[in-house]
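Remarks on the structure that follows.
We did not get these values from a lab; they are worked out from the coordinates using the rules stated. Keep in mind the model is a prediction, meaning the values are calculated, not measured. Cβ sites come from the backbone with ideal geometry, for glycine too, and all protein chains shown count toward neighbours.
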Number of protein chains: 4
Amino acid sequence: MASRTVSAHGALRRLFSETRQHSRARAAPLSDADASAQSMPDASPAKWHLAHTTWFFETFVLTPHVPGYRVFDPEWGFLFNSYYEAAGPRLCRDRRGLLTRPTLAEILAWRTHVDTALDRALDDLPEAARALVRLGCHHEQQHQELLLTDILHLFSENPLAPAYAEGAPFPAAVPRAAHDWAPHPGGIVAIGNAGKDFAFDCETPRHEVRLYPFALGSRLVTNAEWAAFIDDGGYRTPTLWLSDGWAWRTRDDVTAPLYWRREDGDWTTMTLAGRRPVAPAAPVAHIGYFEADAFARWAGARLPRESEWEAMAENTALSQMFGACWQWTESAYAAYPGFRPAAGAVGEYNGKFMCGQFVLKGSSCATPPGHSRAAYRNFFYPHQRWQFTGVRLAKDI
Amino acid sequence: MASRTVSAHGALRRLFSETRQHSRARAAPLSDADASAQSMPDASPAKWHLAHTTWFFETFVLTPHVPGYRVFDPEWGFLFNSYYEAAGPRLCRDRRGLLTRPTLAEILAWRTHVDTALDRALDDLPEAARALVRLGCHHEQQHQELLLTDILHLFSENPLAPAYAEGAPFPAAVPRAAHDWAPHPGGIVAIGNAGKDFAFDCETPRHEVRLYPFALGSRLVTNAEWAAFIDDGGYRTPTLWLSDGWAWRTRDDVTAPLYWRREDGDWTTMTLAGRRPVAPAAPVAHIGYFEADAFARWAGARLPRESEWEAMAENTALSQMFGACWQWTESAYAAYPGFRPAAGAVGEYNGKFMCGQFVLKGSSCATPPGHSRAAYRNFFYPHQRWQFTGVRLAKDI
Amino acid sequence: MASRTVSAHGALRRLFSETRQHSRARAAPLSDADASAQSMPDASPAKWHLAHTTWFFETFVLTPHVPGYRVFDPEWGFLFNSYYEAAGPRLCRDRRGLLTRPTLAEILAWRTHVDTALDRALDDLPEAARALVRLGCHHEQQHQELLLTDILHLFSENPLAPAYAEGAPFPAAVPRAAHDWAPHPGGIVAIGNAGKDFAFDCETPRHEVRLYPFALGSRLVTNAEWAAFIDDGGYRTPTLWLSDGWAWRTRDDVTAPLYWRREDGDWTTMTLAGRRPVAPAAPVAHIGYFEADAFARWAGARLPRESEWEAMAENTALSQMFGACWQWTESAYAAYPGFRPAAGAVGEYNGKFMCGQFVLKGSSCATPPGHSRAAYRNFFYPHQRWQFTGVRLAKDI
Amino acid sequence: MASRTVSAHGALRRLFSETRQHSRARAAPLSDADASAQSMPDASPAKWHLAHTTWFFETFVLTPHVPGYRVFDPEWGFLFNSYYEAAGPRLCRDRRGLLTRPTLAEILAWRTHVDTALDRALDDLPEAARALVRLGCHHEQQHQELLLTDILHLFSENPLAPAYAEGAPFPAAVPRAAHDWAPHPGGIVAIGNAGKDFAFDCETPRHEVRLYPFALGSRLVTNAEWAAFIDDGGYRTPTLWLSDGWAWRTRDDVTAPLYWRREDGDWTTMTLAGRRPVAPAAPVAHIGYFEADAFARWAGARLPRESEWEAMAENTALSQMFGACWQWTESAYAAYPGFRPAAGAVGEYNGKFMCGQFVLKGSSCATPPGHSRAAYRNFFYPHQRWQFTGVRLAKDI
């Protein structure tokens, strides 16, 4: 029993240490100005990600659970609370780019302060607090992904198209490009977290759903296939689109995936290594739900349901289920039967977003290690495109 | 066989005649100006409803299926197409109130022209065209409901609060107000149209879903209960609300159901008979999804899923399932497994709205006769409140 | 003395009677729906003009000055106050089109009620009240012009392009089209109302200004000249435009005067007689300040200053100074030296608009008889185009 | 002749050197992130000011006039052109805060590159180019003022209210606070640049205007007087306001000067030294034209006309004419009689802004040395408040 506790303690300590270290590594190529800018309300400055994840540990773990812990700066809570109503007021989301102070160096000093305190306290924390540490690490992993996608967006707005780093992540092509269909017989299947490993509250409870026979594409839709959709007038054909999608496409004059630009007849796209030619065999990325849905209709197919994707993922090896692009499903992000939000302020983590968003399954090239699983539920609004989001087709059989 | 056809023909003729007549009756209390005004983009002028439903029969039945039919005015198609991309361009939705011409009298003359032509042609129409006539009647019934709710909204904007008609529909209270819970054991249940009667495409195909044990409220939430929610600070407590809901509430400074106003300490509301005191035992109406969801959380309950409501409706007699208020469910409006949109332009009728809207079940006091059924799927955006929309609670058991 | 009073009384009675009658005549071609619609916030329904001008007499003359006068409907003051803060709260300007009640017939009955009461009281009114009657008549003449321009805008929004009346006013061409320059030596000149005839407060006091030698165009700029500006890329050349003008042009994608549309290579425009070909020799109308200014720069000229126009008008006969199109000047609408707003609520009539607007001189084809004079100061924002507004060029000499 | 040229050359070299040095000094307290952020579309990042003023010399002087000059980075012209249409396309004004690259260090290197090249070329430049150097210096002085006011705005948005520098400029009180009236007899006076010293094109030509007797306040309105206006309900009394002003006040819920905040009953304001108590005897700053106009009406006075202010400044010593706050006049910013924009792209410098803005006279505590003169014409929109803008009263006598 003791050894099991020790080993569990060691695992959490390692998770905490690696997660905190990984955030610093992702911020390393950025200047103070890079880390402070906010390119749109959906995105946050890199510095803010570094600070907010630190605020999480300070607010939910250190302050309530570690006697004598000294808050690094009591004024910063207002600045780095994201949306926790129960944790007090906060800076408007779209003003995060105005925080040129505290500086990046001050934020890194805060991180050290918190890391040191938590490292010292970890073994003595009650189990509830340790669960919050674990939650905080997975929360920070989410922000690690956002840090990259937010920087990509920021740099895409700069006419100089700066590179974040040469060897930066990108959605990789699979060797053999042929698209095939993987069938599933349907029936009663169980989805949701099975209870052994970490899960966010919205992944629970595991429950049964009734599926009808279907098939999923053996790989993601490629850039070459998307270019064919464009060439065939996909963006100009209203009957391919949802009503809201066509209104969005028209209002914003959308004619290609985010970041695509035609230069001298050839498509380029913005990447973390700067502006590059679009790779035909690579999976299309940075498309929204509206476009994914229109493409699927054009292709005579449809988008997967969340339950279909997950049932398949638990049983069948398919290419690019994880690590390339998040995959839009036609399932609205909603509560599973019997869902209970986590207790306390962290109960605001997921449940209050269950409106108007669609579930994405899998993970992307920007997802940090240890953050991919079949039951994972990512979610975004249908017009949002700055994540590494792609499409896997589905059909009834 | 002949007699069955005759009887089917007679039923359709009667449906058509009664539907067309009922629209005229609903417009009877309105002046030309009343019938021409548009109080918000979501609403349409009464004259437009009368015209659009007529355009439907002319465009989809008479023109393609009745040789020699003379279009009443070829310029009007542009004016009265709602959203059928396949049927050509059309006036922007938010400019319908600028059509002071054609006059109400001219629209009524058009109706007579179309009614006469269709009446003459009905018996000889091919079955596909007859199906479109049937669809057109149900489509017109939907607009009959909108005609009333749109006029209610228009009159609510007039500081004089004019009455549409003295005996106009309103959501009635049930005699015994006590709230109880009706249990359902869950399991595998079938929902969706069973195939015998008319249904919109989105109600099909009938299919199985896996339900967990639940209970529904024995009646709708009342105005008195809603007033208690207000008095308890329901509209001021962010943790009761979805994130988007709280943003909506804050931006629009929402503090009560649409049309409610406190005068000398007492609530009044706008009705089709003018401004009246809020009736405590009557079901609350004109609330949006965001409010319904917040109320349910405040009450320690949740909103029903569409499948739960429908499974219950097929087996159990509950008060106010139909004819009082549409009932918000927590189910996003989405395609049933195996859903196929209707062929042709009318395939745009439902499928293209499957994004961002929530299903409402039942029917309201403004729903015309013959338009209520358990499998019916109404849908609106979560902020929309000008329909007679209310709440029935649900909970897991 | 007595006879002079009698004659002054007779003149005011005639002015009142003719003015009131003329408004009815202008509304005669309109249906109840036509008279109730509002096509943009800048415009008002015809019914509203009829009511507001009546409210003016009731509120500022009858109620305070006629003992025993019975207000027609006490609820209507809120509806038909335009912007007089001192006269109480009022309906938002952009919601005037929602007043389908009171009906046009009810408004006309109100007019009769007020006309009868004022006719009976007129001879016994104190001089201050008689001055308000005179002001009310000139105020109503302004609304007579707006009634026509607002209806023109409403009908222009209707794809059917209905005609208001066959013989309706339009800006007429002058027989000989040659453009010449009329010189003025400058020096010290006096402008503003000279005190004998009626004037709005903003036209006073008469005062001296120092002018430098200049010349004015002998006639207004024609449609043919404007078409040449278009053909020469006038709307695509940013260096011709004011900074705000170019931003406006770009945001609204302005490429021609309001109402102009190219059909099969030829320009048409909306008129009170329906859509018609653009007449080359007629003065260009429905252009804003930004366009007028850009045109003048393109033509190597400039717009007149208000004082230049007025000094010229008092001494020289020039074509189209009155009765065709209002003429943009480069003078911001501002207080004359020594300006004092009229006493009481009517002091809000002019002074509070002295910000961001430009003075237009002359009058237009829609200006009613008796409303044109050299010292008159009309004013609109630089982007506004729905009045009959045109250009007369000026230059330094 | 030679010695005069040498001395003129020396003066220009000194002006250039001191101006360029002064910009660097103003940026010295800023971090890379501080210098890169943009807090609103009206403001620009400090880095952008440093770059844009450098671009001016490179584009208008070095490239056309210095053979063999090597442009530092050809891609940067697009980034740092402000609004010169003739100088090519440019980054949208509201996206300047996204330019985290080039870094502050790179911009400073560019400055050195340009300074070195210009220093070397200065003596051999033709007179036209030397005039552009002089213009560029005065242009840079304007940006030096904006650099401070933009940083003040940025820091005011940061809840931490950081200080730019301890000894930073602020509008100073005059020793004796009594307000008196300085009379002027009016008559024909000449205003505008008299031709000896540098002037922007809009300050010319000098010309006569006819003034009526008036008086100006002997000093600026103080914070204590403004607080009395607030306490007397000045911000809640619509009849004190211009119509557009009241709409602005209501929409933005304006209740005090920009940066004022009431804390525990006392007013504080944001300064370049951080948040500080409002000093009663200091001149009120950061008020817009709408507020200035309302205050003057409340005080039974009016705002000065530009010509009145300038005529007084040329003849009478009054407190705080320069160096405290820019002073709103009621004069719209417009062309002087005979005005000709400067030739070439720099002709866009002033003329194209002559619409919708009001002239401010004097100078402020943030105005750099050598940039104050009686004929100077500053101009802003009536709602803009982030400059050091105040009020001097006027009245007719």
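Annotations for the structure displayed:
- Volume per residue of the convex hull around the Cα atoms, evaluated for region A:181-396, comes out as 134 Å³.
- With the cut-off at under 19 Å, measuring from each backbone N in region C:107-123 to a point 7 Å along the Cα-to-Cβ line of C:HIS9 picks out C:115-123.
- Helix B:2-27 vs. chain B, principal-axis angle (Cα, 0 to 90°, nearest 10): 70 degrees
- Remark: chain D carries a charge dipole of roughly 420 debye about the Cα centre, counting +1 on each Lys and Arg Cβ and -1 on each Asp and Glu Cβ.
- Computed over chain D: relative contact order in percent, which uses C-alpha pairs under 8 Å that are six or more apart: 19 percent
- Distances between copies of A:ILE397, taken at a point 7 Å out from Cα along the Cα→Cβ vector and listed shortest first: 4.0, 9.0, 9.7 nm.
- Relative contact order for region A:2-156: 39 percent, from Cα pairs under 8 Å spaced at least 6 residues apart, divided by residue count.
- Averaged over residues, the count of other Cβ atoms within 10 Å places the peptides C:17-23, A:314-320 in the sequence C:17-23, A:314-320, highest first.
- Looking at the protein assembly as shown, the DSSP beta bridges with both ends there are about 90 percent antiparallel.
- Label geometry 7 Å along the beta-carbon vector: B:PRO89 inter-copy distances in nm: 2.7, 4.4, 5.1
- Debye equation applied to the C-alpha atoms of the protein assembly as shown, log10 I(q)/I(0) at 0.04, 0.05, 0.07 Å⁻¹: -0.32, -0.50, -1.02
- Spin-label model distance (nm) - D:VAL71 vs A:THR237, 7 Å beyond Cα toward Cβ: 4.3 nm
- Shielding by partners - mean other protein chain Cβ count within 10 Å, residues of D:353-359: 6
- Backbone N within region D:235-270 under 20 Å of label point (7 Å from B:THR255 Cα along the Cβ vector): D:250-254
- Rounded to the nearest 20 debye, the dipole magnitude of the protein assembly as shown is 0 debye, with +1 charges on Lys and Arg beta carbons, -1 on Asp and Glu beta carbons, and the Cα centre as origin.
- When each of the peptides C:124-135, D:53-64 is scored by how many other beta carbons lie within 10 Å of its residues on average, the order from highest to lowest is D:53-64, C:124-135.
- Helix axis angle, D:289-298 relative to chain D longest principal axis, alpha carbon, degrees: 20 degrees
- Region D:281-320 and region B:79-136: distance between their alpha carbon centers, rounded to Å: 65 Å
- Neighbouring partner chain Cβ atoms per residue of D:241-248, average, 10 Å criterion: 4
- Its relative contact order, with pairs defined as Cα atoms under 8 Å and 6+ residues apart, puts region B:214-338 at 31 percent.
- Cα lying deepest toward the dipole's positive end in region C:111-266, options C:THR237, C:HIS113, C:ALA256, charges on Cβ: C:THR237
- Label spacing, shortest first and in nm, from D:ASP232 to its equivalents in the remaining copies (7 angstrom along Cα→Cβ): 5.1, 5.4, 7.4
- By the helix-only formula, in which each DSSP H run with n ≥ 4 contributes -39500 (n - 2.57) and the sum is divided by residues, the protein assembly as shown has a 222 nm mean residue ellipticity of -10500 deg cm²/dmol.
- Angle of helix A:104-121 to the longest C-alpha principal axis of chain A, folded into 0 to 90 degrees and rounded to 10: 70°.
- Chain C holds its axis-closest Cβ, relative to the rotation onto A, at the residue and whole-Å distance C:ASP253, 6.
- For the residues of A:92-105, the average number of beta carbons from a partner chain within 10 Å of their own beta carbon is 5.
- Magnitude of the charge dipole, region C:284-361, Cβ model with Lys/Arg +1 and Asp/Glu -1, debye to 20: 100 debye
- Estimated inter-spin distance, C:VAL174 and D:ALA178, nm [label 7 Å along Cα→Cβ]: 6.1 nm
- Residue with peak Gaussian network fluctuation, chain D [Cα springs, cutoff 10 Å], from D:ILE151, D:ILE287, D:ILE107: D:ILE107
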